[in-house]
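Take a look at the structure set out below.
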Amino acid sequence: MGRSFGNLTKARGIISYSLSPFEQKAFAGVISDGVPNVWRRFRSRAFRVLPPFIITYMVYRWAKDENTRLKRKDPSLYANDE
């Protein structure tokens, strides 16, 4: 009834090599290559990403403290209530 997916055409003259995932080392080079690469990528992006987050946190913190300050009752208004 037709060809199955993956066998739709015949390719001639094309050679492909592959290595089974079961024959590969899963964590090869994690310490020697991975950690320095993560550090390099972090340093290259930190000054672009961190300032907006820091500014946003500072504005959030200021607004939260200001809201708390404005919601407080003035004790002098209630000095003669007894």
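Conditions: (1) modelled with pLDDT under 80; (2) surrounded by 10 or more Cβ atoms within 10 Å (Cβ to Cβ). Residue 5 meets all but one. Number of the miss?
(2)
Please work out which residue is nearest to the chain's Cα centre (by Cα), limiting yourself to segment 32-61 and to residues that are among the small types (Gly, Ala, Ser) and surrounded by fewer than 10 Cβ atoms within 10 Å (Cβ to Cβ).
Among those that are among the small types (Gly, Ala, Ser) and surrounded by fewer than 10 Cβ atoms within 10 Å (Cβ to Cβ), it is 44.
The values are calculated or read from the model by the stated rules, or taken from the named source; none is laboratory data. Worth saying up front: this structure is predicted, and the values here are computed from it rather than measured. Reconstructed Cβ throughout: ideal geometry from the backbone, glycine too, with neighbour counts over all protein chains shown.
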